[in-house]
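First comes the structure, then the notes that go with it.
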Amino acid sequence: MAFAITQNCCNDASCIAACPVNCIHPTPDEPDFGKTDMLYIDPKSCIDCGACVDACPVDAIFPVESLLSGPKKPYPEINAGYFEAKPPAEASDPAPNFHTWNPPVFKRSIPSDFPMLDVAVVGTGPAGMYAVEDLLLHTSARVTLIDRLPLAGGLIRYGVAPDHPDTKKIGETFSRFYSHPRLRMRLGVQIGRDLSAAELAAQHDAVIYAVGASSAKELGVPGEDLPGSIAATDVVAWYNGHPEASATAIDLSGERIVMVGNGNVALDVARVLSTDPGRLESTSISRSALTGLRSSTVREVLILGRRGPAEAAYTSTELIALTEHEDIDLVVDAADPRVAEEIAAATGGKAALLRGVRQERIDFAAAPAVGKRRIVLKFHSESRQILGRERVEGVVVSEASGTREVRAGQAIRAIGYHGVPVPGLPFDASSGTIPNAGGRITGMPGNYAVGWIKRGPSGGIGANKTCVQETIGALIEDVVSGALPVRSRRSSMLAGLLPRLQR
Ligand SMILES: Cc1cc2nc3c(=O)[nH]c(=O)nc-3n(C[C@H](O)[C@H](O)[C@H](O)COP(=O)(O)OP(=O)(O)OC[C@H]3O[C@@H](n4cnc5c(N)ncnc54)[C@H](O)[C@@H]3O)c2cc1C
Ligand SMILES: NC(=O)c1ccc[n+]([C@@H]2O[C@H](COP(=O)([O-])OP(=O)(O)OC[C@H]3O[C@@H](n4cnc5c(N)ncnc54)[C@H](OP(=O)(O)O)[C@@H]3O)[C@@H](O)[C@H]2O)c1
Ligand code: SF4
Ligand code: SF4
């Protein structure tokens, strides 16, 4: 009856190699890869063997018959829909591959007669761990894995929402490398503070920076600095128990929160704040966040998207999760007539998914209605000013007919993350990234970048895998071509400098 991929697919493509009949697409060598919200199983080709289920690190694949009811019920149709839009293959193509897919691409490796490399990887988030995986499985390198925090995992631990436990499971897949005989791990060591980038480079043949993008972008509107105006990064850190999070990051004593930006982070935060705390009790949510949510009086989260419903930044999968959420009343604000028109005219995509969602002209001057907690999606709308004397009392939002004041006790900007510089490395302040060419850090031979610090703060977990493959490919090219700097004190490295890392 076929299998189907569902909501928490992170596009890491692990299932593709497991499928004996090549029915999971797009594959990394196909043009669509990285552009779709998830991968899809062709129900016409799937032979029901279940091999992909074991390969998936986030438990995203299910037999279609188990999805006939419940919040994942749209997924069999979504999987099949992807293939309906594809042209059928020539009749001469061998079954069961009914479509014209490209041939697979095989990976390169360091020739076996090359000396063993010592490589440092800075950062234990997905990018760092895909780099570790690639180095340990495809080269004979010894790896020093470093993170500034006392616990490894990066945004898998401190970003992914606690009500996405299956996604967090990918941390278990990564953690199997912590005890690999060629890996040593140093937690609580910040490069640029405890050890300089130059010292680290001197101790290794190559250094890979996977330090992510931990700060929040600024809106630049009046009132942004008022108490009660915060970044989504702070709320995410709070509910995930980040060691540097403030226990009082968010004030939940008001009735309405205005969220600026409609990416997946905005949806995560709005969903967690609107979910019955009892449902979150068995998750990894921090105990102080759970206590805060139990006494929350928030009844509505208003999410502002500056573009229309078809161009919203969230993925279809996360929108579907909201439409199917039992605790949440999802509403589209109908003040702007373009929104209803765009939803009605959509032939597919995110706007069409809103067709079953109630549209209502919300009275933002009044307190939100009692009942289920409400999330309101408002499109073609931005915040112009945050209002209040001592703290946030409202937000001026733009809409087709001008501006309107929305009463709110808290304003959250979920407009994206931003990289922070590592002392000793070049930094592009406007993009928040380390300048690099295909992963090679500009002007610093032997130093490489991967993940969000390489390409900016966008893309899910799996996007870092292809990003890492490019960087490791560059590193291997440099090893083979002799472009890596020669380490003059290599033999004394382990005895002399390394103890500074052993904290
Ligand atoms: C709130 C949120 C939720 C998300 N949820 C999902 C999801 O459900 N599914 C999905 O597919 N994607 C999700 N993503 C996207 C995903 O988390 C990112 O694609 C991914 O984490 C980026 O990986 P990274 O390794 O570049 O950065 P990070 O995961 O941020 O890792 C960077 C690591 O570097 C360490 N570090 C930083 N500076 C230093 C230094 N100077 N010295 C030593 N260590 C340092 C940090 O402590 C951190 O551990 C989410 C992102 C966010 C922000
Ligand atoms: N469940 C998941 O899979 C999951 C969960 C969380 C995060 N992630 C991924 O992590 C990445 C980061 O997510 P994110 O939500 O932080 O970023 P994002 O997807 O880039 O969304 C940022 C949002 O902020 C808006 N914005 C940016 N600057 C603005 C400004 N000055 N004024 C008003 N609005 C502004 C953007 O609008 P425009 O679109 O108009 O630019 C967009 O709506 C994404 O790739 C996301 O998919 C995945
Ligand atoms: S069940 Fe088997 S045939 Fe179907 S997609 Fe998974 S691995 Fe491929
Ligand atoms: S998360 Fe990875 S393994 Fe699981 S379905 Fe998506 S691409 Fe396949």
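Its relative contact order, with pairs defined as Cα atoms under 8 Å and 6+ residues apart, puts segment 129-187 at 48 percent.
The slack in the chain from ASP32 to ARG338, taken as 0.36 nm per residue of separation less the alpha-carbon distance, amounts to 107.2 nm.
Of ASP163, ASP54, the residue with the largest accessible area leads and the full order is ASP54, ASP163 (1.4 Å probe). Within segment 184-227, whose backbone N sits under 18 Å from a point 7 Å along Cα→Cβ of THR442? Correct set: 209.
Comparing Cα centroids, segment 1-66 and segment 417-431 end up 36 angstrom apart. Based on C-alpha pairs under 8 angstrom that are at least 6 apart in sequence, the chain has a relative contact order of 17 percent. Report summary: the helix-based calculation at 222 nm, which adds -39500 (n - 2.57) for every DSSP H run with n ≥ 4 and divides by the residues of the chain, gives -7000 deg cm²/dmol. Straight-line cross-link partners of LYS169 among the aspartates and glutamates, defined as a Cα under 15 Å from its Cα and at least 8 positions apart when in the same chain: ASP12, ASP54, ASP59. Sorting TRP238, TRP452 on solvent-accessible area from highest to lowest, probe radius 1.4 Å, gives TRP452, TRP238. Given a 1.4 Å probe and the protein chains as shown, THR291 ends up with an accessible area of around 90 Å². A dipole drawn for the chain from +1 and -1 charges on Cβ atoms has a positive end, and of LEU330, SER214, ILE415 the residue lying farthest that way is SER214. Among the trypsin sites (Lys or Arg not before Pro) found in segment 338-425, those both in a DSSP coil and sparsely packed, with 10 or fewer other Cβ atoms within 10 Å of their Cβ, are ARG361, ARG389. Extending 7 Å from the Cα toward the beta-carbon at both ALA55 and ALA345 defines two label points whose distance is 4.1 nm.
Applying both filters, DSSP loop and at most 14 other Cβ atoms within 10 Å, to the GluC sites (Glu not before Pro) of segment 298-376 gives GLU326. Working ranking of peptides 134-144, 206-216 by packing, defined as the average number of other Cβ atoms within 10 Å per residue, highest first, is 206-216, 134-144.
Only Cα pairs under 8 Å and 6+ residues apart enter the sum, and on that basis the relative contact order of segment 3-84 stands at 43 percent.
For the peptides 251-259, 266-274, 57-65, the ranking by packing is 266-274, 251-259, 57-65, with the highest mean count of neighbouring Cβ atoms within 10 Å listed first.
For the chain, the Cys residues with no second cysteine's beta carbon closer than 4.7 Å are CYS9, CYS10, CYS19, CYS23, CYS46, CYS49, CYS56, CYS467.
The values are calculated or read from the model by the stated rules, or taken from the named source; none is laboratory data. This structure is a prediction, so every number in the text was calculated from the model and none was measured. Neighbour counts are summed over all protein chains in view; Cβ atoms, including those assigned to glycine, are modelled from backbone coordinates with ideal geometry. Accessible surface areas use protein heavy atoms only, side chains included; no ligands, DNA or RNA. Shrake-Rupley method; radii C 1.70, N 1.55, O 1.52, S 1.80 Å.
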